[in-house]
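Remarks on the structure that follows.
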Amino acid sequence: MDTTRSLFLPPQGSTVASDVDALFGFIFWISLFFFVGVTAITVYFCIKYKRKSETGQTTPYVESLALEITWIVIPTILLMVIFVWGFQDFVRLHIVPANSMEIKVTGQKWFWSFNYDEGATGVGELVVPVGQPVKLLMSSKDVIHSFFVPAFRIKMDVLPNRYTITWFEATMTGEFEIYCTEFCGKGHSEMWGTVKVLPKDEFAKWLEAGSGPGEGESMKEYGARMFVKNACNTCHSLDGSKNVGPTFQGLFGRREVMSDGTTITVDENYIRESILSPMAKQVVGYDPVMPTYQGILKDVDIDGLIAYIKSLEN
Amino acid sequence: MEHTIPEKHYLNEATGWKSWLMTLDHKRIGILYMIMVMFSFFLGGVFALLLRWELISPDKILMGPEMYNQAFSLHGIIMIFLFIIPSIPAILGNFVMPLMIGAKDVAFPRLNLASWYIYVIGFCFAVYALFTGGIDTGWTFYTPYSNETTTAVIPILTAAFVLGFSSIFTGLNFIVTIHKLRAPGMTWFQLPLFVWAIYATALIQVLATPVLGITLALLMLERVVGIGIFDPAMGGDPVLFQHFFWFYSHPAVYIMILPGMGIISELIATFSHRRIFGYKFIAFSSLGIAFTGFLVWGHHMFVSGQSDLAAVIFSFLTFFVGIPSGIKILNWMATMYKGSISLDTPMLWALSFLILFSIGGFTGIVLGTLSIDVHLHDTYFVVSHFHYVMVGGTVMAIFGGLHYWWPKIWGRMYNETLARIAVVLIFVGFNVTFFVQFIMGTQGMPRRYYTYLPQFQGMHGFSSIGALIMGVGFLLIGIYLIHAIFKGKPAGPNPWRALTMEWETPSPPRAGNFEGAQRLTHGPYDYDKVVPENALKQYKTL
Amino acid sequence: MNQTTAHPAHLQHHFTDAHQQAESAKLGLWIFLLTEVLLFGGLFCFYAIYRSWNPDMFHNAHAFLNVWMGATNTVVLIVSSLTMALAIRSMQLGRRKHTIVFLSGTVFLACVFMVIKYFEYSHKIHLGQLPGKWYFFEGIAGTNPHIFFSAYFLMTGLHGFHVLGGIAVITWLIIKTSRGSFSPEYYTPIEMTGLYWHLVDLIWIFLFPLFYLIG
């Protein structure tokens, strides 16, 4: 039982996961039983009743209403059991416990950002405490996305015109993948994120600590971390290839032609402006799709990114 | 017994390309459809192979993410709108159904030809879209993405819209034909089950497709004119589009599977030489599926933000679609009991259907269950379930039907050895491709992903090998079937000793199907009363 | 009319008799009408959903439609349904001239309908009471009044296309009748077109209160 579970299903990271898995296991074994039955009987008939004469004459038979009713009623009962069971778990998946902490989730092309009541923000990484119900209040800035954490067995579409809600309570610490599961364009398959589940005390520390480089970390290294964490790498390459946005390789000091025909040299102010108000000046030949990071990135984060971009020479 | 091809038949009664393009003969129109639909199948298959090739590695092999998104969208759109929806009704329904009920043609032959031309126009729009920017919305066209993307959404929507009309007219034609043109004395319960299935399908085509038409028209107007009804920026609701879309597209999956079930009923009865068990249960379960199919569209939207109450009701109703499908499978098995089973190629396809469709059905129960669907929605589990039903179900049935009626259509038999090899290749290749996708899905691999985490690479690679095996299998089928048209041995009027009426005509049939009015001499499955001979009108009644 | 009843010119080869052919045509047309109802059904759904979300806006916006023009058009269409029925009746009695007169009357009334519709549309276009992003009228209270006009133009527009289609088909019938293609034995096309025309009329009878007479 446990080996089939681990073959089919990811680790059980939330309180609801074991319930969902139990029902999955129930349907799995019932299905396997009937499937083996159907296949075995079919094969047996094919061998036992192989055609023996040229004409293949068969005998008449009596229709059996009792048989028909049997194989209508038994599956119906089984299906109703499955329905009720699934319905109960679904209700549990949808009723948010009263003592939940609330985190605002925003989906946009092509990254997730998270806002805490305490003022902390995160991009691509959702940090939560273990053993604490977390309510996610979700919305989208552009098209429909869908927030999926396989280890928690939760998924909910994220819509542009209303809030949707889901919740979970993590049962173990560690890092778990977040996927976008509603097709949203070019970067859909890289709209990944991580749920980082921390022990409660570490989480409290994380919430209080400001951002900025860690101990012994240079601004450049910090910027490199921000580059990945904030999903800049989804659209900007480091190897000179053209992606959704211009490459960061050799960007600093480069002369770029803007969409309005003017030419500028990339400096600290231009990078800062492009992060905070990306529509102001755009390099010609690229679609205006860069989202603003106003309110998401702090000054120290931007400083780190600038230091990192400066280091990326040709 | 040596057979010969009759001197005059529908294929040679008139010659020249004009006699084909202006034909009103349902059999020739069936063949016109066969050419177009099978070409679409080939095209969709090429896209499928490209996708599987790209997915061997999470990095770029052939194409970037934008190309990949177009490739999977085109694979879906071509396979669904151009191949699988028209496939069985338009090819085999057109060719066989009037013969089965003893009619000389469908009720409205001109409308029938017009349906084909409308299909061709739709096909042209799809090809036009392919060359003018492609399409990257997936076959589901979800708003607001489909409203924003810069690809050729309008031509492809026009294509689907136009193809919808072709489907409506075919359905309308078949309903009237089955109601009004049955041979004198043929009651509803003497109809072959394939005809029942085609009838149930036609009802869905007529009732559901207009809603798709208006939905696609609204989406086009949204894009072109900006009417604001699906656009959240203007007070519209993008989820409303999903409701409209699935109101058609869920019944549409029964347009795809029901005729396949009809073919399987014919194959099981013929190759077991046994009266079909539970005739009325199989017939009414088709209507039951057609009816229930209209009430379950919301099960595509359990995590879309629709109300929880709606989700619960849709889940409840979904389980009732499972029951008629189960009835069919069990009745087919009961038909084989004490039969006289001959494992000719069409029967091998039918057995493949039985096994693969069962897996598709069981995984459908998993997905219909509310709590589990939250986890599995939009993962590879759904992809695999859908392919088990559509390829494991419908495509097995199409090829079973084509192999079964090929000698009737062309008067000649294909190479049985090659045909058996092909069944095995497809069966093995299919399972290699798709079974592993169930596991990827439950592990959390989302669908429509160009790239993926390294932990899935082994399974993706395995799946791609299966796709290659299937590709070889279908290529082989194409070769020996076309070869059979020209060089096959004459098959005789009734090579399978079947009792339905199409086998009472010579192979290939004459232009007007029957000489004079066709009379009913026995039921379609009277294998316990009649010994069918492989010759015209030589039945001994016991 | 020299043909025998067994093989009249209008009987196609695959039907056994004229009765079977007429029955088939009738059933086919009823199914076609069903698809029409479903086509409009989608739009009626759309109307119902947005009206239930914005009841006040719908109420405020409907006041800007001209009830008198709408009512006149309702009467015009009902009378045209009557002339259509009379045309069929005349052909049953073999009065070909009367049929032509009644069919022409139907076409005339349909044109009157379209002309009145033209005046309504051009007035709204002038004021900017337009669908979606084209809307620029100010003075309707409530959220997103452009959605009301999206519904209005979509539904009356699709209906208008059906009226135009009807005009084309009935004109074709007039030509066929004057050439003597129909007789009391065979007038299926006129009968079929009549059914279609009644449906077009019926849809308008639903559209009129839904848009012009919101309580």
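Couple of notes before you dig in:
- Taken residue by residue, the range A:240-262 has no member that is closer than 26 Å to A:Met191 by Cβ and in a helix (DSSP H, G or I).
- Residue ID - nearest to the other protein chains (Cβ to nearest Cβ), chosen from residues in the range C:106-136 that are over 30 Å from C:Thr171 (Cβ atoms) and surrounded by fewer than 17 Cβ atoms within 10 Å (Cβ to Cβ): C:Lys133
- Out of B:Ile154, B:Ile214, sole residue that is at pLDDT below 95 and over 27 Å from B:Ala290 (Cα atoms): B:Ile154
- Any hit, the range A:43-52, residues being on the phi < 0 side of the Ramachandran plot and either touching a residue at least 60 places away in the same chain (Cβ under 8 Å) or more than 10 Å from every other protein chain (Cβ to nearest Cβ) (or both): no
- Criterion: over 30 Å from A:Lys135 (Cβ atoms) and touching a helix residue (DSSP H, G or I) at 6+ places or on another chain (Cβ under 7 Å) - qualifying residue of A:Ser53, A:Ser31, A:Ser14, A:Ser64: A:Ser31
- Among residues of the range B:326-347, those that are part of a helix (DSSP H, G or I) and either over 24 Å from the mean Cα position of the chain (by Cα) or facing chain A (nearest Cβ under 10 Å) (or both), counted: 11
- Close pairs from the range C:29-46: first facing another protein chain (nearest Cβ under 8 Å), partner among the hydroxyl-bearing types (Ser, Thr, Tyr) and assigned to a helix (DSSP H, G or I), Cβ under 7 Å, at least 6 apart: C:Gly42/B:Thr215
- Whenever a residue of the range C:188-200 is in contact (Cβ under 8 Å) with a residue 60 or more places away in the chain, its partners that are polar (S, T, N, Q), lying with C-beta atoms within less than 8 angstrom and at least six residues away or across chains, give the pairs C:Thr188/C:Gln21; C:Ile190/C:Thr99; C:Ile190/C:Thr177; C:Trp197/C:Ser80; C:Trp197/C:Ser81; C:Trp197/C:Thr106; C:His198/C:Ser81.
- Residues located in the range A:15-31, provided they are outside any helix (DSSP H, G or I) and polar (S, T, N, Q): A:Thr15
- Some residue of the range C:48-61 being part of a helix (DSSP H, G or I), of a type in the set (Phe, Trp, Tyr) and at the interface with another protein chain (Cβ under 7 Å from one of its Cβ atoms): no
Here is a yes/no grid of residues against (1) among the small types (Gly, Ala, Ser); (2) over 15 Å from B:Ala160 (Cα atoms); (3) buried (at least 21 other Cβ atoms within 10 Å of the Cβ):
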site: B:Val211; (1), (2), (3): no, no, yes
site: B:Met220; (1), (2), (3): no, no, no
site: B:Ile229; (1), (2), (3): no, yes, yes
site: B:Met234; (1), (2), (3): no, yes, no
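- Spans of strands (runs of 3 or more DSSP E) in the range A:105-207 with at least 2 residues at the interface with another protein chain (Cβ under 9 Å from one of its Cβ atoms): A:145-149, A:154-158, A:164-169, A:174-180
- Failed condition for B:Thr177, given (1) buried (at least 24 other Cβ atoms within 10 Å of the Cβ); (2) in contact (Cβ under 8 Å) with a residue 60 or more places away in the chain; (3) in a helix (DSSP H, G or I); (4) more than 9 Å from every other protein chain (Cβ to nearest Cβ): (4)
- Any chance A:Gly285 is outside any helix (DSSP H, G or I) and over 23 Å from A:Tyr116 (Cα atoms): yes
- Any hit, the range B:407-423, residues being aromatic (Phe, Trp, Tyr), assigned to a helix (DSSP H, G or I), away from chain A (no Cβ under 12 Å) and in contact (Cβ under 8 Å) with a residue 40 or more places away in the chain: yes
- Residue within the range A:209-216 that is within 14 Å of the chain's Cα centre (by Cα), free of Cβ contacts under 8 Å to residues at least 60 places away in the same chain and more than 21 Å from A:Thr15 (Cβ to Cβ) present: no
- The one condition in (1) touching a residue at least 40 places away in the same chain (Cβ under 8 Å); (2) in contact with a helix residue (DSSP H, G or I) (Cβ under 8 Å, 6 or more places away or on another chain); (3) not in a helix (DSSP H, G or I) that B:Met63 fails to fulfil: (1)
- Tally, over the range A:55-71, of residues that are hydroxyl-bearing (Ser, Thr, Tyr), more than 49 Å from the chain's Cα centre (by Cα) and closer than 18 Å to B:Trp332 by Cβ: 3
- Conditions (1) in contact with a Lys or Arg (Cβ under 7 Å, 6 or more places away or on another chain); (2) more than 14 Å from chain C (Cβ to nearest Cβ); (3) at pLDDT below 95: number failed by B:Phe95: (3)
- A:Asp142 closer than 30 Å to B:Ala233 by Cα and of a type in the set (Asp, Glu): yes
- Criterion (buried (at least 20 other Cβ atoms within 10 Å of the Cβ), touching a residue at least 12 places away in the same chain (Cβ under 8 Å) and facing chain A (nearest Cβ under 7 Å)) met by exactly one of B:Ser286, B:Ser272, B:Ser358: B:Ser358
- Residues (among the β-branched types (Val, Ile, Thr), facing chain B (nearest Cβ under 7 Å) and either out of contact with any strand residue (DSSP E or B) (no Cβ under 8 Å at 6 or more places or on another chain) or exposed (fewer than 11 other Cβ atoms within 10 Å of the Cβ) (or both)) located in the range A:53-83: A:Thr58, A:Thr59, A:Ile72, A:Thr76, A:Ile82
- Filter result for the condition that a residue is within 14 Å of chain A (Cβ to nearest Cβ), in contact with a strand residue (DSSP E or B) (Cβ under 6 Å, 6 or more places away or on another chain) and at pLDDT below 90, over B:Gly322, B:Gly305: B:Gly305
- Check on B:Trp116, more than 14 Å from chain C (Cβ to nearest Cβ) and farther than 19 Å from B:Arg448 by Cα: yes
The values are calculated or read from the model by the stated rules, or taken from the named source; none is laboratory data. None of these values were measured; they are calculated from a predicted model. Positions of Cβ are generated from backbone atoms using ideal geometry, with glycine treated the same way; all protein chains shown enter the neighbour counts.
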